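Chemist: Here it is: the structure, laid out below.
The values are calculated or read from the model by the stated rules, or taken from the named source; none is laboratory data. Model, not experiment: these values are computed from the prediction. All Cβ positions, even for glycine, are placed from backbone atoms using ideal geometry, and neighbour counts span all protein chains on display.
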Amino acid sequence: MFGNRRKSAGPAGSENAVLLVAPPAQTGDETLTRALADAAGGEVVPLSVGQVTDKALRGVRAVVALFPDPDELDQLALRVKAARAGRNDGWPVLVVGLAPGQLTAFGAWLTRNAPTDGVDGLRLVVDADPLAIAAALGDRLAPVIGPNVVAMPVSTEVETADYKYFYCLSPQLRGLLAQLAELAANGIERVYLLGGPGSGKTSLAYYFYLARAQGNFVTVNLTSESTDDKAAMKSLLCGHVAGAFPGAGSRTGAFAHSREGVCFLDESHGVSGSVMEVLMEALDSGQYLPYGASAKQPLRCAVVFASNRTWETLISQVNLDEHARLGAVILHLADLSVRQEDLIAVLAATLAGMASKATSWQPPAGLSDDAWALIRDCPWRGNTRALMRVAETAFVSAASLRMPLIEREQVSRAMDLWEPAEHASHAIYTRAGDSGLGDAAPG
């Protein structure tokens, strides 16, 4: 029945075709081939890594690589990237199916390739069972258009050559990047980002700055900087002139320092009192008065607000008329728990980062199946930040015991520390797809 689907090397000849690169036990498995063919809705062509040539990639929709080692991934990613560059339809995609025990090595590969855009078109599935990977293909065979990694300086306001990478492999995050790029292209200058703690709001704000391609990116944490002293807040945001108060030299505020770029006002649920007064003066008229100055300055920068609170929590804390002056477009960033491919990337990169620093330890190769199941099914209310702390803690526990894999017990104990099942803050944070905006929340 599947003889026609399993062809020798060569062009697949169908836009629905999928190339399968897998160990011999999998490429000869008729049940797996049938499952992949059903998921792809077309023929499946088993090939070796060396047979995945430019000719073989012509017109195909995806390359599915099951349990590849890093050297094989290097070759496949390079060829898929070249094939994608010759097409403008988002295909072929590279779907990598990994066993939980491969995550550390994969994280090293991911970290090495992210700076050179070597992960273009990448989609991820983690499961030790090839049939489960086949069943999970679904929308992973859909075209991937646009960036899936955002390179961001470790410090956005201090000169540095060190970068960190925000992985956007999930459709949800790539959709948000596309929305932000369109907002920037169409002159939208006020955006409100809602997302749980550690979900990536700063990275999205930075991407909006990159899309605008002008000015500076300046961050102000409104909760930590907030004070009832209006003069201090005015100085922080609007700046002040020399002599504005005894002994004062001139100071450039956040608005002016951003120039035509982005002023990112994080933790904006802290907006009230003197902070709100200063913002209202600037946002209402598009101009602001530096403290002690006699002439107003135009507000040239875009302003991005961010909060980890639900919309109901936000509007219950302030005057609604005042709050309506803050944001023009509201975007919601879904939690890591519903962005499994981003979760896989963060987890793998964290494990690889820990392994790269190990000297006397033999780093665990990854997770046991049970440990992965615990991470996969966690709600991750603390998102990326909590996942990284859990992974680091579990890694240290397993490595110090010379364990080949991180087991469920290590993950469970780490979760008790960094991602507790019950906590008072769970009630106020926005999470998963629930921003409190119903159908009005994009993304």
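Chemist: Say whether the condition of being touching a Leu at 6+ places or on another chain (Cβ under 8 Å), in the same structural domain as Gly196 (by TED's automatic domain parsing) and part of a helix (DSSP H, G or I) is met by at least one residue in the range 320-327. Reasoning before the result, please.
Modeler: First pass over the range 320-327, keeping only residues touching a Leu at 6+ places or on another chain (Cβ under 8 Å): 323, 325-326.
Imposing the further condition that a residue be in the same structural domain as Gly196 (by TED's automatic domain parsing) reduces the set to 323, 325-326.
Pick out the ones that are also part of a helix (DSSP H, G or I) and you get 323.
The answer is yes, given that some residue of the range 320-327 is touching a Leu at 6+ places or on another chain (Cβ under 8 Å), in the same structural domain as Gly196 (by TED's automatic domain parsing) and part of a helix (DSSP H, G or I).
Chemist: Another question, if that's okay. Check every one of the strands (runs of 3 or more DSSP E) wholly within the range 85-190 and list those with 3 or more residues that are at pLDDT below 95.
Modeler: 149-153, 163-167
Chemist: Still on this model: Looking at Cys378 and the list (1) in contact with a strand residue (DSSP E or B) (Cβ under 8 Å, 6 or more places away or on another chain); (2) at pLDDT 95 or above; (3) not in a helix (DSSP H, G or I), which single condition is not satisfied?
Modeler: Of everything listed in (1) in contact with a strand residue (DSSP E or B) (Cβ under 8 Å, 6 or more places away or on another chain); (2) at pLDDT 95 or above; (3) not in a helix (DSSP H, G or I), Cys378 misses just condition (1).
Chemist: Starting from residues that are at pLDDT below 65 and among the hydroxyl-bearing types (Ser, Thr, Tyr), keep the ones in the range 1-35 and report whichever is nearest to Ser48 (Cα to Cα).
Modeler: The residue in question is Ser8.
Chemist: Can you find even one residue in the range 420-430 that is among the β-branched types (Val, Ile, Thr) and at pLDDT below 90?
Modeler: Checked against the condition, which is being among the β-branched types (Val, Ile, Thr) and at pLDDT below 90, the range 420-430 yields at least one hit.
Chemist: Which pairs have Cβ atoms under 6 Å, sit 6 or more apart or on different chains, and link a residue in the range 289-300 that is assigned to a loop (DSSP other than H, G, I, E, B) to one that is surrounded by 15 or more Cβ atoms within 10 Å (Cβ to Cβ) and of a type in the set (Gly, Ala, Ser)?
Modeler: Every condition considered, the pairs that remain are Pro290/Gly239; Gly292/Ala244; Leu299/Ala282.
Chemist: Follow-up question, since we're still on this one. Restricting the search to the range 34-84, which residues are within 10 Å of Val18 (Cα to Cα) and of a type in the set (Lys, Arg)?
Modeler: Arg61
Chemist: Residue under question is Val411, and the condition is that it be among the hydrophobic types (A, V, I, L, M, F, W, C), in contact with a helix residue (DSSP H, G or I) (Cβ under 7 Å, 6 or more places away or on another chain), under 30 Å from Leu176 (Cα atoms) and modelled with pLDDT of 95 or more; does it hold?
Modeler: no
Chemist: Does Glu409 satisfy the condition of being in a helix (DSSP H, G or I), outside the structural domain of Leu173 (by TED's automatic domain parsing), closer than 23 Å to Val95 by Cα and among the acidic types (Asp, Glu)?
Modeler: Criteria not met by Glu409.
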